Amino acid sequence: MITVTVIKSPKSDCTSCHEAQKIVEEVVSNYSDKVSFEVLFSNTPQAQSYGIITTPLVAVNKKIYSMGKPVLKEKVEKWIQKELG
């Protein structure tokens, strides 16, 4: 089982954070038996352990794949497939 993590700003005006969460949730739903999903707020100690500089951040198995950029569905799919082997 792998874990996909989205770290987002606790502020409600982070549009790219909301989009990243939505896209990742959609992709993860196709792998429900192999992939878990979590959302963290950037101001929490758990999120800070990633060395976050800007949001949104997307990590798969604690490996950062995207930080501060819009997330594309196709890329999330590739990241998951890579980590699944």
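A short reminder: the numbers here are calculations on the coordinates, not readings from a lab. Just so we're clear, the structure is a prediction, and the values are computed from it rather than from any experiment. Counting neighbours? That spans all protein chains shown, and the Cβs are built from the backbone with ideal geometry, glycine included.
The residues of region 16-58 that are in contact with a helix residue (DSSP H, G or I) (Cβ under 7 Å, 6 or more places away or on another chain), crowded, with 16+ Cβ neighbours inside 10 Å and hydrophobic (A, V, I, L, M, F, W, C), listed by number, are 23, 24, 27, 35, 37, 39, 40, 58.
So that you can scan it fast, the table gives a plain yes or no per residue for (1) of a type in the set (A, V, I, L, M); (2) at positive phi:
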position: 29; (1), (2): no, no
position: 33; (1), (2): no, no
position: 41; (1), (2): no, no
position: 47; (1), (2): yes, no
position: 68; (1), (2): no, yes
position: 71; (1), (2): yes, no
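With respect to being in a loop (DSSP other than H, G, I, E, B), surrounded by 17 or more Cβ atoms within 10 Å (Cβ to Cβ) and among the β-branched types (Val, Ile, Thr), residue 71 fits the description.
Residue count for region 31-50 satisfying the condition of being within 21 Å of residue 82 (Cβ to Cβ) and either in contact with a His (Cβ under 8 Å, 6 or more places away or on another chain) or free of Cβ contacts under 8 Å to residues at least 12 places away in the same chain (or both): 2.
The set of residues in region 25-49 being out of contact with any Ser or Thr (no Cβ under 9 Å at 6 or more places or on another chain) and either within 17 Å of residue 79 (Cβ to Cβ) or part of a loop (DSSP other than H, G, I, E, B) (or both) consists of 25, 26, 27, 29, 30, 31, 32, 33, 34, 44, 49. Of all residues in region 67-78, count the ones that are of a type outside the set (Lys, Arg) and without any contact (Cβ under 8 Å) to a residue 24 or more places away in the chain. Residues flagged as of a type outside the set (Lys, Arg) and without any contact (Cβ under 8 Å) to a residue 24 or more places away in the chain within region 67-78 amount to 3.
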